[in-house]
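Here the structure is laid out as structure tokens; the discussion comes afterwards.
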Amino acid sequence: MRFTVLGSMLVVAGTLFGQGASSAKPLAGAIDIHMHCGPDVLPRSVDAIDVARLAKAEGMRAIVLKNHYVPTANDAYLVRKVVPGIEVFGGIDLNRTVGGMNAAAVENMAHISGGYGRMVWMTSFDSRAAVEAEKGPNKRPYVAVTQDGELLPEVKQVIAVIAKYNLILETGHNYPDEILSMIREANRVGVKHIVVTHAMIAPIHMNIDQMKQAASMGAYLEFVYNGLIGPYKEFSFEDYAKAIHAVGADHIILSSDLGQVVNPVHTEGLKRFYAGLLQAGVSQTEIDTMARSNPATVLDLK
């Protein structure tokens, strides 16, 4: 059944590859740096091989595989062998399953065959912000990044490793003040690329001034389709459009953050995302900047 559904998707998608968008191929040349997929602890709509096939069929240039609990650099290496013709990358999310703020784990990920492990998410589901947002009296342990407003030594060690191996600092599900502290430290030690992970949605909820501050320090703000649909819906296309015009498309990356079984598959979600933003007053040039140029810069794609 899985292959029948996937095959139908591929037939509809077509197989042409290109770097520019068109009405027939709205994802041509696009890059998604936030794709959840199987195998995973959580149920996912497709696995890593299938999502790469779908992305390639739409003419996408590159994708990044994300998992909250295990590194995905090895997945990226294997998927590239099975699905040639599209750039596939992975990373590591510093939740408790990998030891939290574990510089050794990041360094190990950087050495995985192929060098396709690029992203370092500074904890997501196990962040203080995520845990404190959960309902109920019994709070589980979290991965701290600050104490008394200062970054912890182990966080600085991780950021130093990111700089050493030219990895990408993804700020994770942390509070805005913690994120801004990480960006300052990243600038201090020479991290080249910084992305504020889905800046506007829970549990982060950066406001416009905070996003402008992050952008002024060289960080990109990630806006995701997941914030517009399903159980995680928080705002409208118009809200995103206002933020894009306030912060500037040059500082923003559009991603799907899809893979949940209740949501559309990644490629379909991206099509709806771009179309909705266009209807909300975002220009095609701005879409190209946020969906193609900016993520290509972050991934050092020529």
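Read-outs throughout are calculated quantities, based only on the coordinates presented, and are distinct from any laboratory measurement. Predicted, not measured: the structure shown is a model, and the values here were computed from it. With ideal geometry, Cβ positions are generated from the backbone for all residues, glycine too; neighbour counts draw on all protein chains shown.
How much of the DSSP bridge set in the chain is antiparallel, in percent, rounded to the nearest 5?
In the chain, approximately 5 percent of DSSP beta bridges are antiparallel ones.
Dipole of the chain computed with +1 at Lys/Arg Cβ and -1 at Asp/Glu Cβ about the Cα centre; of Leu152, Val79, Asn226, farthest Cα towards the positive end is Val79. Under a 5 Å amide H cut-off, with hydrogens placed 1.01 Å from N, Asn263 pairs with nothing among residues at least 5 apart or on other chains. The ranking of Thr171, Thr267, Thr146 from fewest to most other beta carbons within 10 Å of each one's beta carbon is Thr146, Thr267, Thr171.
So, in the chain, how many Lys pairs have Cα atoms under 16 Å apart, if the pair is 8 or more places apart or on different chains? Within the chain, the lysine pair count is 9. Amide hydrogen proximity for His173: with H placed 1.01 Å from N in the peptide plane, the residues at 5 or more positions away or on another chain lying under 5 Å are Ser124. Across the stretch 276-300, the residues whose backbone nitrogen lies under 19 Å from the label position 7 Å along the beta-carbon direction of Ser23 are 276-288. For the chain, the longest principal axis of the Cα atoms and the long axis of helix 48-57 meet at an angle of about 50 degrees.
Relative contact order of the chain, taken over Cα pairs closer than 8 Å and 6 or more residues apart, is 15 percent.
For Ala28, nonlocal amide neighbours, meaning residues 5 or more places apart or on other chains whose placed amide H falls under 5 Å from its own, are Ser22.
To the nearest 20 debye, what charge dipole does the chain have about its Cα centre, counting +1 at the Cβ of each Lys and Arg and -1 at the Cβ of each Asp and Glu? Numbers along the way, then the final one.
Details: 27 positive and 30 negative charges, 134 e Å.
Approximately 640 debye in magnitude.
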